[in-house]
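The values are calculated or read from the model by the stated rules, or taken from the named source; none is laboratory data. Predicted model, so just to flag it, every value in this text is computed and none were measured. Neighbour counts are summed over all protein chains in view; Cβ atoms, including those assigned to glycine, are modelled from backbone coordinates with ideal geometry. Accessible surface areas use protein heavy atoms only, side chains included; no ligands, DNA or RNA. Shrake-Rupley method; radii C 1.70, N 1.55, O 1.52, S 1.80 Å.
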Amino acid sequence: MIVNPVMGAINTALNGFLNGLTGSASVALGALVGGMQATDMGGPINKAAYVFGTASLADAPAEGSSIMASVMAGGMVPPLAIALSTTFFKNRWTADERKAGAVNYVMGLSFITEGAIPYAAADPLRVIPSCIAASATAGALSMLFGCASPAPHGGIWVIAVIHNPVGYLAALAIGAVVGMLVLSFLKKPLPPEESGLEA
């Protein structure tokens, strides 16, 4: 009963703050809305950024909204960063985590941030900051590269309608690699009996 008014107040306050960051602070805005996507992965902060992005489409030119592009990039890279880490830093993960990590490639490319939730729940102090770094990087670069999206969802499957698709792919790749490196640095190698890998 009290949850809806509280979430409404949070969303209103955040949207007011975000609206104040347009213009000259656009790269900072891209980093902020991107990072917000990874903060609670589906919670009120994530949703505030998404609603702000979709609302920006109403006044967007034909090529779409740069804010929406940054929001979508921020939501795509957490699963991608985790998938890359499970692929290239195998000794940080158990066999089950590595197997599930492969699914995160598809989830990340589809703008389904929730693929990162099991990893964040298991190790929040390492996974969440890494994902925020990845998302903020991707969101900032998307804005810096002048990317824009006319679509409110779709991930990589709407790349054909993204303004500056090459820049957008670069923003996603760089953000995901940043997240992978931060995460793999924070997570220490597991002993062979835990990772299931030979020493």
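Okay, here's what the table says:
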| item | result |
| --- | --- |
| Folded to 0 to 90 degrees: helix 44-56 orientation relative to the chain principal axis, Cα | 40 degrees |
| Residue with peak Gaussian network fluctuation, the chain [Cα springs, cutoff 10 Å], from Asp123, Asp40, Asp59 | Asp59 |
| Global form of the stretch 18-99, assessed from the alpha-carbon gyration tensor, a/c cut-off 1.5 | prolate |
| The chain: angle of helix 3-19 to the longest principal axis, Cα-based, in degrees nearest 10 | 70 degrees |
| Stretch gain in nm, segment Ala25-Phe88, where the contour uses 0.36 nm per residue and the Cα spacing is subtracted | 19.2 nm |
| 1.4 Å probe accessible area per residue over the stretch 86-199, in Å² | 49 Å² |
| Lys, Arg +1 and Asp, Glu -1 on Cβ, resulting dipole of the chain about Cα centre, debye, nearest 20 | 180 debye |
| Local electrostatic count at Trp93 - Lys and Arg +1, Asp and Glu -1, tallied over other residues with Cβ under 11 Å | +1 |
| 222 nm mean residue ellipticity, helices alone, for the chain (DSSP H n ≥ 4; -39,500 (n - 2.57); rounded to 500) | -22000 deg cm²/dmol |
| The chain: angle of helix 26-39 to the longest principal axis, Cα-based, in degrees nearest 10 | 50 degrees |
| Distance in nm between pseudo-label sites at Ala60 and Glu193 (7 Å out along the Cβ direction from Cα) | 5.3 nm |
| Choice from Thr87, Thr113, Thr137 showing the highest fluctuation, given a GNM over the chain with Cα pairs closer than 10 Å | Thr87 |
| Farthest positive-ward along the stretch 21-108 dipole, Cα basis, beta-carbon charges - from Leu32, Gly42, Ala58 | Gly42 |
| Projected label distance in nm at Ala95 and Asp40, using a 7 Å step from Cα toward the beta-carbon | 3.8 nm |
| Pairwise FRET efficiency - Ile117 versus Val161, Cβ, R0 = 22 Å, nearest 0.05 | 0.20 |
| Top of Leu181, Leu125, Leu57 by mean-square fluctuation, Gaussian network on the chain, Cα under 10 Å | Leu125 |
| Of all accessible heavy-atom area on the chain, the percent that carbon and sulfur account for (1.4 Å) | 71 percent |
| Dipole of the chain, positive direction: furthest Cα of Ser149, Gly108, Ala134, with charges on the beta-carbon | Ala134 |
| Taking the C-alpha atoms of the chain, convex hull volume expressed per residue in Å³ | 112 Å³ |
